[in-house]
Every structure is written in C-alpha cells, then in structure tokens.
C-alpha cells in the first residue's frame, strides 16, 4: 500500500536582501501550492492525507473544506502549538468539515501520547528533520505500526535496500527512475510505503526570492509538480494500491 501525504505549511525561509514577503503572501503561496497538488491528484483519482499546520488551519478554512470535499483526509501537523491550542483548533475544524480529525504529525515538538489520546486523536505520524546529511544519520529503524496508549504510531518508511527514507528531501533529490525502483522494492518487503512532501517545495523560487539552499531549490516549483505527476501516473499504470492514512490504519 502507498500512503501519500502532504504537509500544508508556510515557507519559513528568509528573503534575499532587498526583498520581503509578508505573512499573508506566504499563506497565499501555500494555498496555491496545495491547490496544484490537489489538481494533480484529481487527474489520477488518487486520495491522499493532508497534514495542515495547526497555527494556520483556521486561516485555511475554505481550502480545507475544498480538499475534504474531494475525498482527501485532513489531519494536523504540529510545529509549535500547545495542547490547549490544538484542542480548540481541532474542535473548530471538525465542526467546519463535519468530520473527525484522526491524525496528527509531529517533528521537533512532540506532545505526549497520553495528551493526544485525550484529545481523541487515533494515530500519530512523527517525522524527522530532512537535511542534506539526513540519509546518512541512521541506517536502520522499525517500520511497523505499533499501538501505544490507545494510539497507532506510524513510523516513517525507509527502503530496506538503499536505507533511504521516504521524506520530502529524498523525493526532491532522487531521479524518478531510482525512486520508482525504491518504492517497488520496498513494497516487496513491507506492507506500506509512507511518502510525505511539503507544500512549500512546490514554490516557484524564481518568482519568490527566498534565500533557500541550492539543494532545496533543485527540482522545486513546477519540477516538483512534474515529478509528482510522473509518480502518480506510474502508480496508476502499475495498478498499485493507495490509501488515506486513516483508512489504512483502521
């Protein structure tokens, strides 16, 4: 099973000297990037899970409603919110969508599983920092979903052969021929492959002059759209199964 997931987050990079981009414009960039992702998913009739950063969720009500209406899952991505903030936003977005928010993703700040269970989350999808040295930091880890305090803990996927993780950076960096082979070989060994990308990777850095490293500008913007299109076309051609996170886990 292939679990396609996307983090809806605003780009935090500083701007180049003499250029500024307001918070409102950064939000608009995230919205347009996410719409591009949804359009590509629509072409291939593939459903995915979208993890919206909690601090901007209330500002994206129209976008989240549109995504949900197309059959995609809305979940949360927590960067810096405390349990009180999460609980309030969760209630408001659930009321908006008339659906339960079942999943949450964490990276640097990790809230205790007991607290997440009290907020009625069903699964946690934690991710790690993905920088240029990340693939070489750890060569082996568990890839099975486990139950802990009533929560399903979903780990990041990692290729059992190349030992490369399926994070945003690897998708951006690796030639699609090798990425396809990695997915295919991993599915021979594991029950699922969890892929995640960030909305900011679809930013046109030629238009918006953010000061991002060269390796992060590589294959960004329209090239990311093209890579996603190629991946989804291949998935459909090979008749490979895909699923929203909540459906696969439960």
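The values are calculated or read from the model by the stated rules, or taken from the named source; none is laboratory data. All figures in this text were calculated on a predicted structure; none of them were measured in a lab. Here the Cβ positions follow ideal geometry from the backbone for every residue, glycine too, while neighbour counts run over all protein chains shown.
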Exercise for the section: Find the residue count for segment 123-155, including only residues that are modelled with pLDDT under 85 and part of a strand (DSSP E or B). Expected result: 0
Handout entry: segment 188-199, residues that are part of a helix (DSSP H, G or I) and surrounded by 16 or more Cβ atoms within 10 Å (Cβ to Cβ)
Key = 199
Exercise for the section: For segment 169-182, indicate whether the set of residues that are in a loop (DSSP other than H, G, I, E, B) and touching a residue at least 40 places away in the same chain (Cβ under 8 Å) is non-empty. Expected result: no
Handout entry: Whichever residue in segment 88-105 is in contact with a helix residue (DSSP H, G or I) (Cβ under 9 Å, 6 or more places away or on another chain) and assigned to a strand (DSSP E or B) and, among such residues, is farthest from residue 247 (Cα to Cα)
Key = 104
Exercise for the section: Would you be able to say whether some residue in segment 145-157 is closer than 24 Å to residue 227 by Cα and buried (at least 20 other Cβ atoms within 10 Å of the Cβ)? Expected result: yes
Problem - Failed item, numbered, when residue 63 is tested on (1) over 21 Å from residue 119 (Cα atoms); (2) modelled with pLDDT under 95 - result: (2)
Practice task
Run down 85, 32 and say which single residue is closer than 22 Å to residue 114 by Cα, part of a helix (DSSP H, G or I) and touching a helix residue (DSSP H, G or I) at 6+ places or on another chain (Cβ under 9 Å).
Solution key: 85
Problem - Only listed residue being out of contact with any helix residue (DSSP H, G or I) (no Cβ under 9 Å at 6 or more places or on another chain), in a loop (DSSP other than H, G, I, E, B) and modelled with pLDDT of 95 or more, chosen from 71, 18 - result: 71
Fill in the blank from the handout: Counting only residues in segment 203-236 that are assigned to a loop (DSSP other than H, G, I, E, B) and under 19 Å from the mean Cα position of the chain (by Cα), the one surrounded by the most Cβ atoms within 10 Å (Cβ to Cβ) is identified as 203
Completion exercise
Given (1) over 22 Å from residue 9 (Cβ atoms); (2) touching a helix residue (DSSP H, G or I) at 6+ places or on another chain (Cβ under 7 Å); (3) crowded, with 19+ Cβ neighbours inside 10 Å, residue 171 misses just (1)
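For the condition in contact with a strand residue (DSSP E or B) (Cβ under 6 Å, 6 or more places away or on another chain), closer than 14 Å to residue 231 by Cα and modelled with pLDDT of 95 or more, what is the one hit in 43, 2?
2
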